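Following: one structure in structure tokens, then a few remarks.
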Amino acid sequence: MSLIELQQAIEALPVEQQASLAAWLAERDRPQWDLEVEQDFSAGGAGMSLLDHVRAQVDLGESLPMAESRERR
């Protein structure tokens with residue numbers, strides 16, 4: 001079955017079955033996603049520069065940590 005045929009078959013499913021399929025795909029991919037996030041935010045990971053930038057903004061008072069922001073609402 002080609003990708004186009006698979007897409008067409010999915011679109012022909014009832015909405016509830018499409019939702020079940022989406023949930024199954026998300027659950028199936030969760031371990032890989034978790035691993036990628038862990039790697040990105042480990043020492044030397046791709047996300048560390050972003051995290052350092054956000055921490056610097058907090059240190060300068062330019063933004064608040066999420067916990068403090070929620071408390072002020």
Item to check | Near pairs, Cβ below 8 angstrom, 6+ apart or cross-chain, from the stretch 26-50 (of a type in the set (Phe, Trp, Tyr)) to any residue that is assigned to a helix (DSSP H, G or I) | outcome: Phe41/Met48; Phe41/Leu51
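Yes/no matrix, rows are residues, columns are (1) surrounded by 11 or more Cβ atoms within 10 Å (Cβ to Cβ); (2) modelled with pLDDT under 95:
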{"residue": "Pro14", "(1), (2)": "no, no"}
{"residue": "Gly45", "(1), (2)": "yes, yes"}
{"residue": "Leu64", "(1), (2)": "yes, yes"}
{"residue": "Arg73", "(1), (2)": "no, yes"}
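The values are calculated or read from the model by the stated rules, or taken from the named source; none is laboratory data. Quick caveat: nothing in here was measured; it's all calculated off a predicted structure. Every residue, glycine as well, gets a Cβ built from its backbone with ideal geometry; the counts of neighbours run over all protein chains shown.
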